[in-house]
Amino acid sequence: MRFLITGGAGFIGTALANYLIQQGHTVRVLDDLSAGHAEQLHPDIHFTRGDVEDKPKVWRLLNKVDCVYHLAARVSVPESGLYPREYNKTNVSGTVAIMEAMRDAGVKRVVLASSGAVYGEQAVAKVHEELLPNPSSPYAVSKLAAESYVHTIGAPWHIETVCLRIFNAYGPNQAIPPIHAPVIPLFIRQVLGNGSVVIHANGQQIRDYIYVDDVVMALVAAATTAGLSHQTINIGTGIGTSLNQLVDLIEQVSKRKVQRLTTPTVLGGVSTLIADTHRAEKLLNFNPKISLAEGLALLLQQRNLAL
C-alpha cells in the first residue's frame, strides 16, 4: 500500500513509518520538524518538510495514496493552556486542511491519531467510547474537535474515517523537551543520570501507559481492517499505573534506588485515565503485547546504549 503520514518524523510517526517501510509499503512523510527528527527515518522513506496547510505540497504527496495517517499535532496538555490559538490552528485547522486535500485527491481512508485526554474526568474506572467526552484542556478540546471534523466531513465526501484515542504512549526515541516532558522518558533519564524524580501531589495520579510498538500495531490494523468507517477506538492497555507505582517499577527494572522529591504542586490533567479496550479487541483484534515492565526494560536498554 501507499501511505502518507503527517507528523511522520515525530515519536509515534517515526515508529510507524519505519515499520511500514520494512513491511514493503511505500511511505511518504510530511513534517514541519517543529518537534520531529527526520534523521531517524528509514532512508527509503520519502520525506518532505512542510506544513499540512500547504495544499499544493499536500496534493502532490497524496498522489495515488491509499491511506493517510494524520499524526501532525501539538501534544502538550500544559502548553496548550498557554497557547490555545496555536493548538487550535495546528490540531483543528490542520486536520480540516488535510481532509479537504484528501477529498480533492480522491484518497478514501484516513486514520486520525486522537487522544484519551478527550474524556477528561469521568465517574467510571475505565473510559469507554460511548461516554460523553469532558475535555479539561485546550489540547483535549482540539483533539475532540479534530475527531468531529474528520467524521462529519468525511462521510459526505465518501472518505473512510477512523479515530484512535491513544493513551499514554512511551518508548525509544521519545523526545524530552526542557519543559512539559513526558513522565516515563524523563524519569528514566533522571534515574540513569543518578538524579532525582519529582512527584507532584500524592503520586496517585493513574495513567494507562502503552508501548509505542503496540500503538503501531493498532495504527496498522486501523488502516487495513475492512468495515471500520466512522469508528472511534481507544488504544491503551486497560491497566492503570499510579505515578508512585511507576517509580517503584523503574526501581525494580533498573535495579537502582530512585531518589524521590515530592511537591504539593498539582499539575493539570485528570486523576485517573484508563482505557476500556473492548472495542479495539473486537474491531481491530488488538491486544497489547508488551507489559509496562517489559517496555521499561527495553527503554532502559536503549538509553543505556546511548550513554
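I'd like the full set of residues that are closer than 21 Å to V198 by Cβ, without any contact (Cβ under 8 Å) to a residue 24 or more places away in the chain and not acidic (D, E), limited to the stretch 234-291.
Q245, K257
In the list N63, N88, which residue meets the criterion of being exposed (fewer than 15 other Cβ atoms within 10 Å of the Cβ) and on the phi < 0 side of the Ramachandran plot?
The unique qualifying residue is N63.
Would you pick out the residues in the stretch 9-38 that are assigned to a strand (DSSP E or B), of a type outside the set (S, T, N, Q) and farther than 23 Å from D214 by Cβ?
R28, L30
Across the stretch 125-145, what is the number of residues that are without any contact (Cβ under 8 Å) to a residue 60 or more places away in the chain and of a type in the set (A, V, I, L, M, F, W, C)?
5
Quick one: T241 ticks every box in (1) farther than 15 Å from G116 by Cβ; (2) modelled with pLDDT of 95 or more bar one, so which box is it?
T241 satisfies all of (1) farther than 15 Å from G116 by Cβ; (2) modelled with pLDDT of 95 or more except (1).
Hey, can you tell me all the residues within the stretch 101-132 that are exposed (fewer than 14 other Cβ atoms within 10 Å of the Cβ) and either in contact with a helix residue (DSSP H, G or I) (Cβ under 6 Å, 6 or more places away or on another chain) or farther than 23 Å from A221 by Cα (or both)?
Correct list: D104, E121, A123, V124, A125, L132.
Since H70 meets every condition but one in (1) surrounded by fewer than 17 Cβ atoms within 10 Å (Cβ to Cβ); (2) closer than 23 Å to L164 by Cβ, which condition does it not meet?
Failed condition: (1).
Has the stretch 244-258 got at least one residue that is modelled with pLDDT of 95 or more, among the aliphatic types (A, V, I, L, M) and within 30 Å of C67 (Cα to Cα)?
For the stretch 244-258, residues modelled with pLDDT of 95 or more, among the aliphatic types (A, V, I, L, M) and within 30 Å of C67 (Cα to Cα): absent.
Condition first: assigned to a loop (DSSP other than H, G, I, E, B), out of contact with any Asp or Glu (no Cβ under 8 Å at 6 or more places or on another chain) and either surrounded by 14 or more Cβ atoms within 10 Å (Cβ to Cβ) or not polar (S, T, N, Q) (or both). Now tell me which residues in the stretch 245-285 satisfy that.
Result: K255, R256, P264, V266, L267, G268, G269, T277.
From the list I176, I166, pick out the single residue that is outside the structural domain of K282 (by TED's automatic domain parsing) and in contact with a Leu (Cβ under 9 Å, 6 or more places away or on another chain).
Matching residue, one of I176, I166: I176.
For the stretch 193-233, what are the residues that are among the hydroxyl-bearing types (S, T, Y) and assigned to a helix (DSSP H, G or I)?
Within the stretch 193-233, T224 is the sole residue that qualifies.
What is the residue count in the stretch 230-244 for residues that are touching a His at 6+ places or on another chain (Cβ under 9 Å) and surrounded by fewer than 17 Cβ atoms within 10 Å (Cβ to Cβ)?
1
Mind telling me which of the residues A146, A175, A169, A181 ends up being assigned to a strand (DSSP E or B) and of a type in the set (G, A, S)?
Exactly one residue qualifies, and that residue is A169.
Here is a list: A201, A223. Which entry is aliphatic (A, V, I, L, M) and surrounded by fewer than 17 Cβ atoms within 10 Å (Cβ to Cβ)?
A201
When the residues of the stretch 201-228 are filtered to those that are of a type outside the set (A, V, I, L, M) and modelled with pLDDT of 95 or more, which remaining residue is nearest to G13 (Cα to Cα)?
It comes out as D213.
Among the residues of the stretch 110-128, is any hydrophobic (A, V, I, L, M, F, W, C), outside any loop (DSSP other than H, G, I, E, B) and more than 20 Å from A145 (Cβ to Cβ)?
No: zero hits.
The values are calculated or read from the model by the stated rules, or taken from the named source; none is laboratory data. Because the structure is a prediction, the values reported are computed rather than measured. In this analysis, Cβ positions are derived from the backbone assuming ideal geometry, glycine residues included, and neighbour counts consider all displayed protein chains.
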